[in-house]
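**Student:** Quick one: the structure is below, questions incoming.
The values are calculated or read from the model by the stated rules, or taken from the named source; none is laboratory data. Since we're looking at a predicted model, the values are computed, not measured. Cβ coordinates were reconstructed from backbone atoms using ideal geometry, including for glycine residues, and neighbour counts include every protein chain displayed.
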Amino acid sequence: MNRVCSIFSQILQLISRTGFDTAVRKHKAERHARGFSSWGQFVAMLFCQLGGANSLREICGGLAASEGKLRHLGLPQAPARSTLAYANEHRPWQLYEELFQQLLTQCRGLAVQQSAGRRKFRFKHKLISLDATVIDLCASVFDWARFRRTKGAVKLHLLLDHDGFLPCYAVITEGKQYEIGVARQLRYEPGTLLAIDRGYLDYGWFADLSQQGVYFVTRMKDNADYVVLEERELPHRKGLLRDQVICFYQQARDGQECYFRRIEFYDEEQDRVLVFLTNHLTLAAATVAEVYKQRWQIELFFKALKQNLRVKTFIGTSANALQTQVWAALIAMLLIKYLQLKASFGWSLSNLVALLRQQLFVYRDLWV
């Protein structure tokens, strides 16, 4: 009979300790450490996410209750609440961001293997969704994140790779930050196809994307000022009403030659006409409509993140502690996605999270 360590320990083995230690030295995370290592902090924050702990007391108490099993995790003993709180407030959250990027490389390779041969679309473009979600905070407690007069908030801006539905980039800003301001700072590989909602409508940015060789699909506003250059013949596809090549007046006045497609599609389920805008002039009109429909996957990701992990209640009130907890949640999500991709059984994400929460310190082979 093969002896195995706890499920939590097996999950932690997916993290490269060499890469972790390199990141610790890079960000000088243990510059003023007094016995409590950055690895111990990471184990505690990952336990917060996978174990469903809501407070410092639950994290430290839960780890202390499993004192005999902590050495398998590389932790000599459970931390004190004050020690963990101090670490979250003062140790750089950038360590977790870099750890997220390290783990993403590992997960992305597996996702590409799993999706090979069963792609939803025939085109070879990398399909990515971009969106942001608001995380509500108490204005009196998180006074640095004031959003409105009586409300605080931060925004999580996310890029979702549709190969495995993995988060491939994230940034956390104040709640007042506009989505388009973050989008303009991002860079994409030429040939990428970006699915975005109407919150990112900026014709100047669309022109920049076209120059970079990046395609996008979005919804068009009703009051857009444009001129029709070409009416295209429609294929015999249900729901397609119009396929036009257009140019916006503002860009024409500025001397820019930017051409877009305006596609009208009747959604029978919701009994309404949807108008899509894209700079991809050769993609089938029905495919454009289907690409925008796939943007809903990022909304489902945000929903799963908030329902299954700890990003709505926080164990620290400083900006650094909040960033640390959110990045720990994204790392936990990557680990869960990795287990989903490796599993032979078709686990739903919520059922897998519930199983891990109940069996975290059970000694059972995770890969059998």
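**Student:** Of the residues L110, L99, L104, only one is within 23 Å of the chain's Cα centre (by Cα), surrounded by fewer than 18 Cβ atoms within 10 Å (Cβ to Cβ), assigned to a helix (DSSP H, G or I) and of a type in the set (A, V, I, L, M); which? I'd like the intermediate steps shown before the answer.
**Tutor:** On the way: L99 fails: surrounded by fewer than 18 Cβ atoms within 10 Å (Cβ to Cβ); L104 fails: surrounded by fewer than 18 Cβ atoms within 10 Å (Cβ to Cβ).
Step by step, each of L110, L99, L104 is checked, and only L110 is within 23 Å of the chain's Cα centre (by Cα), surrounded by fewer than 18 Cβ atoms within 10 Å (Cβ to Cβ), assigned to a helix (DSSP H, G or I) and of a type in the set (A, V, I, L, M).
**Student:** Checking the conditions here, which among G68, G40 is more than 24 Å from E97 (Cβ to Cβ) and out of contact with any strand residue (DSSP E or B) (no Cβ under 8 Å at 6 or more places or on another chain)? Let's see the steps before the verdict.
**Tutor:** Details: G40 fails: more than 24 Å from E97 (Cβ to Cβ).
When all the criteria are applied, what remains is G68.
**Student:** Count, please, the residues in the stretch 337-351 that happen to be free of Cβ contacts under 8 Å to residues at least 40 places away in the same chain and not polar (S, T, N, Q). Write out each step before concluding.
**Tutor:** Going through the stretch 337-351, the residues free of Cβ contacts under 8 Å to residues at least 40 places away in the same chain turn out to be 340, 343-348, 351.
After this cut, where a residue has to be not polar (S, T, N, Q) as well, the list is 343, 345-347.
Qualifying residue count for the region: 4.
**Student:** I'd like to check something: does the stretch 333-352 contain any residue that is modelled with pLDDT of 90 or more and assigned to a loop (DSSP other than H, G, I, E, B)?
**Tutor:** For the stretch 333-352, residues modelled with pLDDT of 90 or more and assigned to a loop (DSSP other than H, G, I, E, B): absent.
**Student:** I'm checking my understanding of the structure. Among residues of the stretch 208-241 that are at pLDDT 90 or above and either part of a helix (DSSP H, G or I) or touching an Asp or Glu at 6+ places or on another chain (Cβ under 7 Å) (or both), which one is surrounded by the most Cβ atoms within 10 Å (Cβ to Cβ)?
**Tutor:** T218
**Student:** Mind listing whichever residues of the stretch 171-182 are touching a strand residue (DSSP E or B) at 6+ places or on another chain (Cβ under 8 Å) and either surrounded by 20 or more Cβ atoms within 10 Å (Cβ to Cβ) or among the β-branched types (V, I, T) (or both)? Before the answer, list the steps.
**Tutor:** Kept after step one, since they are touching a strand residue (DSSP E or B) at 6+ places or on another chain (Cβ under 8 Å), are these residues of the stretch 171-182: 171-177, 179, 182.
Of everything in the stretch 171-182, those that are touching a strand residue (DSSP E or B) at 6+ places or on another chain (Cβ under 8 Å) and either surrounded by 20 or more Cβ atoms within 10 Å (Cβ to Cβ) or among the β-branched types (V, I, T) (or both) turn out to be V171, I172, T173, V182.
**Student:** Which of the residues spanning the stretch 121-170 are outside any strand (DSSP E or B), buried (at least 16 other Cβ atoms within 10 Å of the Cβ) and of a type in the set (F, W, Y)?
**Tutor:** Listed by number, the residues that qualify are F123, F142, F165.
**Student:** Among the residues of the stretch 3-21, what is the count of those that are without any contact (Cβ under 8 Å) to a residue 60 or more places away in the chain and under 24 Å from the mean Cα position of the chain (by Cα)?
**Tutor:** Matching residues across the stretch 3-21 total 2.
**Student:** Restricting to the stretch 189-202, name every residue that is crowded, with 18+ Cβ neighbours inside 10 Å and in contact with a helix residue (DSSP H, G or I) (Cβ under 8 Å, 6 or more places away or on another chain).
**Tutor:** Passing the criteria: L193, L194, A195, I196, Y200.
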